[in-house]
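Student: There's a structure below that I have some questions on.
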């Protein structure tokens, strides 16, 4: 970057083209410009059509998982076409290329899920059809309401709301943070995260760059929110130790007391009939307690859950 013409952008941020992804990239650009005193033109947004946005008729777990959101941006980083990539950390696969690093996490937004189509899980009609392609949401729903039916539904926020309006389902779930970033604050009913645990890294925007690009890493460090970063890394560390992927119904909630983190983690069988929950506590700079929490969860797995967790699946 040091050899760039002064008329070219200081940073090129790669992003998916969806409305939500663009909103997240705009927020990242605004924070960078504010932190460094730059004009908006100093940060170029470089949209890419991700594979996950091209294929909308099948669940991600059936067609390649979360890598479908990141592989094009990863390639552009490797080729030097962009300096950094903006991601919704919930959608970033557990194990990432060694040559890339998460250089910044923005202040985490509201972590709650929103239920659209009913005022609560309890108030869903008997036998309600609920659209979700997320194993976590489907398993949580079926655990709480085994009479309901979970059916796949994909697409951006507008697409999913349109499908709901068209009668493809009685209700669906969305992330509150995504709705807020799109200005859709009146949509649906937020679910209490203490009762309906969110996905690992939900509501966190991460910016990734090449490990060897020290200049970009330094620029991105100016917008890194330490507490959000530590919580997201802890959740992703537990996800890695559980070998969680798109097929794994995993829910987590992290709280903080001073320098100590607490993670509540619930694992489910995909049909929701089996559930275990355990909590772990420790500091952000020593993840030994996360290893202990993973071991405790493994020790209590029920037979219907074992195919979806653990390194033996790799």
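Student: Mind checking which residues of segment 112-153 are free of Cβ contacts under 8 Å to residues at least 24 places away in the same chain, touching a helix residue (DSSP H, G or I) at 6+ places or on another chain (Cβ under 8 Å) and assigned to a strand (DSSP E or B)?
Tutor: If the condition is that a residue be free of Cβ contacts under 8 Å to residues at least 24 places away in the same chain, touching a helix residue (DSSP H, G or I) at 6+ places or on another chain (Cβ under 8 Å) and assigned to a strand (DSSP E or B), then 150 is the only one that fits.
Student: Within segment 272-294, how many residues turn out to be part of a helix (DSSP H, G or I) and surrounded by 13 or more Cβ atoms within 10 Å (Cβ to Cβ)?
Tutor: Final tally of qualifying residues: 6.
Student: Determine which single condition residue 65 fails, assuming it passes every other condition in (1) modelled with pLDDT of 95 or more; (2) part of a loop (DSSP other than H, G, I, E, B); (3) under 18 Å from the mean Cα position of the chain (by Cα).
Tutor: So residue 65 meets the others, but not (1).
Student: Being under 22 Å from residue 111 (Cα atoms) and modelled with pLDDT of 95 or more narrows it down to one of 130, 157, 187, so name that one.
Tutor: Within the list 130, 157, 187, the selection yields 130.
Student: Please verify whether segment 210-231 includes one or more residues that are in contact with a helix residue (DSSP H, G or I) (Cβ under 8 Å, 6 or more places away or on another chain), surrounded by 15 or more Cβ atoms within 10 Å (Cβ to Cβ) and under 30 Å from residue 148 (Cα atoms).
Tutor: For segment 210-231, residues in contact with a helix residue (DSSP H, G or I) (Cβ under 8 Å, 6 or more places away or on another chain), surrounded by 15 or more Cβ atoms within 10 Å (Cβ to Cβ) and under 30 Å from residue 148 (Cα atoms): absent.
Student: Collect the residues in segment 172-197 that are out of contact with any helix residue (DSSP H, G or I) (no Cβ under 7 Å at 6 or more places or on another chain) and more than 21 Å from residue 23 (Cβ to Cβ), keeping them in residue-number order.
Tutor: Answer for segment 172-197, where residues must be out of contact with any helix residue (DSSP H, G or I) (no Cβ under 7 Å at 6 or more places or on another chain) and more than 21 Å from residue 23 (Cβ to Cβ): 189, 191, 192, 193, 194, 195, 197.
Student: Test each condition in (1) surrounded by fewer than 21 Cβ atoms within 10 Å (Cβ to Cβ); (2) touching a residue at least 12 places away in the same chain (Cβ under 8 Å); (3) not in a loop (DSSP other than H, G, I, E, B) for residue 177 and report the one that comes out false.
Tutor: Tallying (1) surrounded by fewer than 21 Cβ atoms within 10 Å (Cβ to Cβ); (2) touching a residue at least 12 places away in the same chain (Cβ under 8 Å); (3) not in a loop (DSSP other than H, G, I, E, B), residue 177 fails exactly one: (1).
Student: Further question on the same structure: What is the one condition in (1) in a helix (DSSP H, G or I); (2) out of contact with any strand residue (DSSP E or B) (no Cβ under 6 Å at 6 or more places or on another chain); (3) closer than 22 Å to residue 34 by Cβ; (4) outside the structural domain of residue 78 (by TED's automatic domain parsing) that residue 183 does not satisfy?
Tutor: All conditions pass for residue 183, except number (1).
Student: Go through 78, 85 for me and flag whichever is over 12 Å from the mean Cα position of the chain (by Cα) and crowded, with 17+ Cβ neighbours inside 10 Å.
Tutor: Only one candidate passes the filter, namely 85.
Student: Looking only at segment 1-22, how many residues end up being in a loop (DSSP other than H, G, I, E, B) and either at pLDDT 80 or above or in contact with a helix residue (DSSP H, G or I) (Cβ under 9 Å, 6 or more places away or on another chain) (or both)?
Tutor: Residues flagged as in a loop (DSSP other than H, G, I, E, B) and either at pLDDT 80 or above or in contact with a helix residue (DSSP H, G or I) (Cβ under 9 Å, 6 or more places away or on another chain) (or both) within segment 1-22 amount to 7.
Student: Which pairs do you get when a residue that is in the same structural domain as residue 99 (by TED's automatic domain parsing) and more than 21 Å from residue 221 (Cα to Cα), found in segment 62-88, comes within reach of a residue that is at pLDDT below 80 and in a helix (DSSP H, G or I), reach meaning Cβ atoms under 6 angstrom, with the pair 6+ apart or on two chains?
Tutor: Every condition considered, the pairs that remain are 68/51; 68/52; 69/52.
Student: Next question, about the same structure. Given the condition in a loop (DSSP other than H, G, I, E, B), surrounded by 19 or more Cβ atoms within 10 Å (Cβ to Cβ) and touching a strand residue (DSSP E or B) at 6+ places or on another chain (Cβ under 9 Å), answer yes or no: does some residue in segment 156-163 qualify?
Tutor: No; the residues of segment 156-163 include none that is in a loop (DSSP other than H, G, I, E, B), surrounded by 19 or more Cβ atoms within 10 Å (Cβ to Cβ) and touching a strand residue (DSSP E or B) at 6+ places or on another chain (Cβ under 9 Å).
Student: OK, next. Being within 15 Å of the chain's Cα centre (by Cα), over 10 Å from residue 106 (Cα atoms), part of a helix (DSSP H, G or I) and not assigned by TED's automatic domain parsing to the domain that holds residue 31: is that true of residue 197 here?
Tutor: No.
Student: Specify which of the listed residues (236, 275, 260) is touching a strand residue (DSSP E or B) at 6+ places or on another chain (Cβ under 7 Å), within 30 Å of residue 151 (Cβ to Cβ) and at pLDDT 95 or above.
Tutor: 275
Student: Please count how many residues of segment 232-267 are in a strand (DSSP E or B) and either touching a helix residue (DSSP H, G or I) at 6+ places or on another chain (Cβ under 7 Å) or free of Cβ contacts under 8 Å to residues at least 40 places away in the same chain (or both). First the steps, then the outcome.
Tutor: Taking segment 232-267 first, the residues in a strand (DSSP E or B) are 250-257, 260-267.
The next check asks that each one be either touching a helix residue (DSSP H, G or I) at 6+ places or on another chain (Cβ under 7 Å) or free of Cβ contacts under 8 Å to residues at least 40 places away in the same chain (or both); those that pass are 250-252, 254-257, 260-263, 265, 267.
Residues in segment 232-267 being in a strand (DSSP E or B) and either touching a helix residue (DSSP H, G or I) at 6+ places or on another chain (Cβ under 7 Å) or free of Cβ contacts under 8 Å to residues at least 40 places away in the same chain (or both): 13 in total.
Student: Let me confirm something: among 290, 276, which residue is in contact (Cβ under 8 Å) with a residue 24 or more places away in the chain, in contact with a helix residue (DSSP H, G or I) (Cβ under 9 Å, 6 or more places away or on another chain) and within 21 Å of residue 204 (Cβ to Cβ)?
Tutor: 290
The values are calculated or read from the model by the stated rules, or taken from the named source; none is laboratory data. Predicted model only: the values in this text are computed from it and were never measured. FYI the Cβ positions are ideal-geometry reconstructions off the backbone, even for glycines, and counts take in every protein chain you see.
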